[in-house]
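So the structure is just underneath, and the comments pick up after that.
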Amino acid sequence: MDRISISGGRRLNGTIPISGAKNAALPLIIASLLTSDRLTLKNVPNLADVNLLTRILRNHGLDLTIDGKRADPSPYIGETMHLSARDIVDTTAPYELVSRMRASFWVLGPLLARCGEARVSMPGGCAIGTRPVDLHLMGMKALGAEIDIDGGYVVARAPRGLSGARIAFPKVSVGATHNVMMAAALAKGETVIENAAREPEIGDVAECLTKMGARIEGIGTSTLRIQGASRLEGAVHTVLPDRIETGTYAFAVAAAGGEVELTGARKHLLETAFAALERTGVSITETETGVRIVRTSGALEPIAIETQPFPGFPTDLQAQLMALMTKANGTSTIRETIFENRFMHVQELVRLGADIQLQGDTATVKGVKTLRGAQVMATDLRASVSLVIAGLMAEGQTTINRVYHLDRGFERLEQKLSGCGANIERIVSG
């Protein structure tokens, strides 16, 4: 397996381009199943998860082309994908495919809405928690689907089509909001989703569905009103910039010190996380082309945060913040309220010299003067990049193993950081 080696202690200076958002690109690609026309997506990140999902959707009949290399290719522009699902050839999503990518369960809504049936494997648990699909099924039932569980598969039927309904989620779920919203786009009449997730990626998918012919009100709020269409058309849509990648590199600059402009970033997508970062002593300003992060000198101030659904502090930035706080001048507390197993990076940070104590859903991080490089192991996507941030601060060499987790969500990470002065390289296994 590939590894990443980091020699810490170098400041970061320059620019880092922000890629398209993985968490928007995945449901947008799945939304292509809702129409027989072509859906063109621009600014798609070249990630392992994106590539895997397109391979999975070929099982249902998706045709995919990607624009070739430009005469003067720019590393700042994502891929342009042309997706066409003119004929759905299979409405079954088998276990061997869904088990490889949890987000592929979201095909349930589009297949059910367009074909009147779907047979989708239950995804099971994952490294950071169980993430049950009960709210997905609740939403499909409310839209009129008959749901059975057979041999680990969700078998859904709606031979007369789906009909609009009022759906009140008992808790916020990004996945269920995506799934039900896509299904409702082809349902008869109006669907109202209450307590909908408000993440910007939900809004990005809603904007695309609107271009395809659905009418959606309340984008960005907790109540979505969706007027379904009898048929959705093709569209051209640009994926919004990745706010989690933006936050990750902002924390990396805070950790290493220096001045970096994150080109393409949108500050308003990360107000809570940026406010937390500013409390540590980091300067954040908007520019004409993105966001500038500056940390010149002085100790990092400790903070207390808890993760919350948007617009709160993102759970996907919790590990990165924890890595940063390992060298703060004092004690920080971090409470994880979203996923029950999202502290697996703690023991790896301790290997580098961090002082972290866990009690239930709360981590207490006492800042230390020095982190020292060591061999560490990535356990999941966000945990792996927290080790990169720690490695930038540590004395000596840090080697991160199992970096395939990083490739799922960060495009050209080594190139982006080394372009700003980091001593980081990938060691390719033979």
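The values are calculated or read from the model by the stated rules, or taken from the named source; none is laboratory data. The model shown is predicted, which means the values in this text are computed figures rather than measured ones. All Cβ positions, glycine included, derive from the backbone under ideal geometry; neighbour counts span all protein chains shown.
Scanning segment 137-152 for residues that are touching a helix residue (DSSP H, G or I) at 6+ places or on another chain (Cβ under 8 Å) and either assigned to a loop (DSSP other than H, G, I, E, B) or modelled with pLDDT under 95 (or both) turns up L143, A145, G152. Go through segment 357-384 and count every residue that is surrounded by fewer than 23 Cβ atoms within 10 Å (Cβ to Cβ), in a loop (DSSP other than H, G, I, E, B) and of a type in the set (A, V, I, L, M, F, W, C). Counting residues in segment 357-384 that are surrounded by fewer than 23 Cβ atoms within 10 Å (Cβ to Cβ), in a loop (DSSP other than H, G, I, E, B) and of a type in the set (A, V, I, L, M, F, W, C) gives 2. Checking each residue in segment 267-308 for being modelled with pLDDT under 95 and either buried (at least 19 other Cβ atoms within 10 Å of the Cβ) or at positive phi (or both) picks out only G298. Could you list, ordered by first residue, the pairs with Cβ atoms under 7 Å in which the first is in segment 143-166 and over 24 Å from G228 (Cα atoms) and the second is crowded, with 18+ Cβ neighbours inside 10 Å and not basic (K, R), at least 6 apart or interchain? That search, which allows pairs on different chains as well, returns G152/S121; Y153/V120; Y153/S121.
Restricting attention to segment 225-263, the residues that are more than 17 Å from the chain's Cα centre (by Cα) and part of a loop (DSSP other than H, G, I, E, B) add up to 8. So, in segment 413-430, of the ones that are crowded, with 16+ Cβ neighbours inside 10 Å and under 21 Å from the mean Cα position of the chain (by Cα), which residue ends up farthest from T54 (Cα to Cα)? The selected residue is L417. Any chance segment 217-229 includes a residue that's in contact with a Pro (Cβ under 7 Å, 6 or more places away or on another chain) and assigned by TED's automatic domain parsing to the domain that holds N43? No, segment 217-229 has no match at all.
Considering (1) in contact with a Gly (Cβ under 9 Å, 6 or more places away or on another chain); (2) exposed (fewer than 14 other Cβ atoms within 10 Å of the Cβ); (3) modelled with pLDDT of 90 or more, the lone condition that T65 does not fulfil carries the number (1). Given the criteria closer than 22 Å to V260 by Cα, part of a loop (DSSP other than H, G, I, E, B), more than 26 Å from the chain's Cα centre (by Cα) and touching a residue at least 60 places away in the same chain (Cβ under 8 Å), does G409 qualify? It is false that G409 is closer than 22 Å to V260 by Cα, part of a loop (DSSP other than H, G, I, E, B), more than 26 Å from the chain's Cα centre (by Cα) and touching a residue at least 60 places away in the same chain (Cβ under 8 Å).
L33 - would you say it is in a helix (DSSP H, G or I), outside the structural domain of E259 (by TED's automatic domain parsing) and within 16 Å of the chain's Cα centre (by Cα)? Taking the combined requirement at face value, the residue does not satisfy it. The condition of being of a type outside the set (D, E), at pLDDT 95 or above and more than 20 Å from V50 (Cα to Cα) holds for only one of R342, R351, that being R351. Which ones in segment 327-344 are in contact with a helix residue (DSSP H, G or I) (Cβ under 6 Å, 6 or more places away or on another chain), assigned to a loop (DSSP other than H, G, I, E, B) and under 21 Å from V282 (Cβ atoms)? The one that is in contact with a helix residue (DSSP H, G or I) (Cβ under 6 Å, 6 or more places away or on another chain), assigned to a loop (DSSP other than H, G, I, E, B) and under 21 Å from V282 (Cβ atoms): K327. When segment 77-92 is filtered for residues that are touching a strand residue (DSSP E or B) at 6+ places or on another chain (Cβ under 6 Å) and modelled with pLDDT of 95 or more, the ones remaining, listed by number, are T80, M81, H82, L83, S84, T91, T92.
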